[in-house]
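What follows is a set of notes on a single structure, which appears directly below.
The values are calculated or read from the model by the stated rules, or taken from the named source; none is laboratory data. In this text the structure is predicted, and so the values were computed from the model without any measurement. Using ideal geometry, Cβ is built from the backbone for each residue, glycine included, and neighbour counts are taken over all protein chains shown.
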Amino acid sequence: MEDFIIVLTEIVIYTTNRINYFCAMANRRMNSANRAVAYWVLTGTGMLFIQVMLGGVTRLTGSGLSITEWNVMTGAIPPLHTAQWSALFDKYKQTPQFRLLNADFNLSDFKFIFYWEWLHRLWARLVGVVFLVGFVWLLFKRKLKSELIVPLLILFLLGLLQAAVGWIMVASGLTGDALYVEPTKLALHFTLAVALISYAFWFSCKLLFQSNRLRNSRGLRTFAIWLVVLVFFQLLYGALMAGNKAAAAAPNWPRINGDWIPASLFSQTPVMLNFIGNKIMIHFIHRNLAYLILVGTCMWTIGLFRSGMIRHQRGRLMLPLTLVSVQVLLGILAVVSSSGIVANRWVIFDWLALLHQMNGILLLFSLIYAIYVLRPAAK
């Protein structure tokens, strides 16, 4: 686990360095007001990316139900002495997850999962502070253009909604015989996070790449929009895969337990329930969406070459094809390694699942950038 923490730290450092790089690039072509707003929005976007990554770690380590209360202010401080630890551990012992899955946990085991969930919540608070304090300061210094105020308020409200849904998700795993949170609520929480980070990244593009737009590219831009829609649904089904523990239901490739089209796709009633609760159906949709996105991205990239657009920003516009290829490979490796999942142990599957999630967000970013930079002809 020490190696895991070291690697995670290196990822955070790398992300921070990339943020600094983009800020330095933007610094050369923006006035001081735009530069301040760009630094602020890009920092928030980077923090949101790290938050999504921490959410993935929290889910994979089974830590999400370790804190059974939501205390906005006092919850930012971890337990400071043995009595506080014992009180929190006693509360966790009342959860179905402890009684049915982790009854052999001692205080040391509890501390491990507690700190992951606490870090996830603390980082969410820090993201809120960065956005709120930055907004007030920039508004006070008159560095915010009037047309940005309402969209940025919407961004902050989306963050509050995301926090509320996060608690609703956690509460769903604290009653009955639930071992984990409800998969649909996990998917909703993750989907809102994707929407929030996409919204913030779009603002970053508007502030950082004002002079990089390519005209006369309406068809390619529309194609990219459809790819983003597909990736969005793919990420949604990735969350349903995670919530339903569906990877281990078919730990083989290319067929799903020996079938191209499994017979149990519509085994549940009513029929619509299969699309959110049938592990094999979720697995089937997630795999085939991946193939569709891969083929679509290949076609889109070919279109870029044929139109000549690719010569302007070859590196950035080639990113979607690179990332989707890596994404498919990571997905296959994660599926075939899912038979080695061990409860409360970090194994190779967990590494692959986390990288799969991170790469999926980066793929979304690359396509959002393409939508931004590919513009119709000027009127």
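Annotations
- Against the list (1) over 28 Å from ILE348 (Cα atoms); (2) assigned by TED's automatic domain parsing to the domain that holds ARG316; (3) out of contact with any Ser or Thr (no Cβ under 7 Å at 6 or more places or on another chain), the condition LEU220 fails is (3).
- Residue in region 93-115 that is part of a loop (DSSP other than H, G, I, E, B), exposed (fewer than 12 other Cβ atoms within 10 Å of the Cβ), at pLDDT below 85 and aliphatic (A, V, I, L, M) present: no
- For PRO183, the requirement of being closer than 24 Å to HIS356 by Cα, in contact (Cβ under 8 Å) with a residue 12 or more places away in the chain and not hydrophobic (A, V, I, L, M, F, W, C) is met.
- Here region 219-235 is the region considered, the condition is being over 16 Å from VAL324 (Cα atoms) and not basic (Lys, Arg), and the residue that is modelled with the lowest pLDDT is GLY219.
A quick yes/no check of all residues on (1) among the hydrophobic types (A, V, I, L, M, F, W, C); (2) crowded, with 21+ Cβ neighbours inside 10 Å; (3) more than 17 Å from the chain's Cα centre (by Cα); (4) at pLDDT 90 or above:
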site	(1), (2), (3), (4)
TYR180	no, no, yes, no
PHE201	yes, yes, no, no
PHE209	yes, no, yes, no
ARG215	no, no, yes, no
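- Residue match in region 122-139 (condition: among the aromatic types (Phe, Trp, Tyr) and surrounded by fewer than 16 Cβ atoms within 10 Å (Cβ to Cβ)): yes
- Verdict on VAL295 being farther than 27 Å from HIS189 by Cβ, assigned to a helix (DSSP H, G or I), at pLDDT 95 or above and in the same structural domain as TYR372 (by TED's automatic domain parsing): yes
- Top-ranked residue of region 315-353 - restricted to ones that are of a type in the set (Phe, Trp, Tyr) and touching a helix residue (DSSP H, G or I) at 6+ places or on another chain (Cβ under 7 Å), ranked as modelled with the highest pLDDT: PHE349
- Residue match in region 273-289 (condition: in contact with a helix residue (DSSP H, G or I) (Cβ under 8 Å, 6 or more places away or on another chain), within 21 Å of ILE371 (Cα to Cα) and in a helix (DSSP H, G or I)): yes
- The requirement of being among the hydrophobic types (A, V, I, L, M, F, W, C) and more than 30 Å from TYR199 (Cβ to Cβ) is fulfilled somewhere in region 114-131, by at least one residue.
- Picking from residues in region 299-314 that are outside any helix (DSSP H, G or I) and surrounded by fewer than 16 Cβ atoms within 10 Å (Cβ to Cβ), the one that is modelled with the highest pLDDT is GLY308.
- Residue pairs whose Cβ atoms lie under 7 Å apart, sitting 6 or more positions apart in sequence or on different chains, and linking a residue in region 254-265 that is more than 17 Å from LEU289 (Cβ to Cβ) to a partner that is of a type outside the set (Asp, Glu), are ASN257/ALA250; SER264/ILE280.
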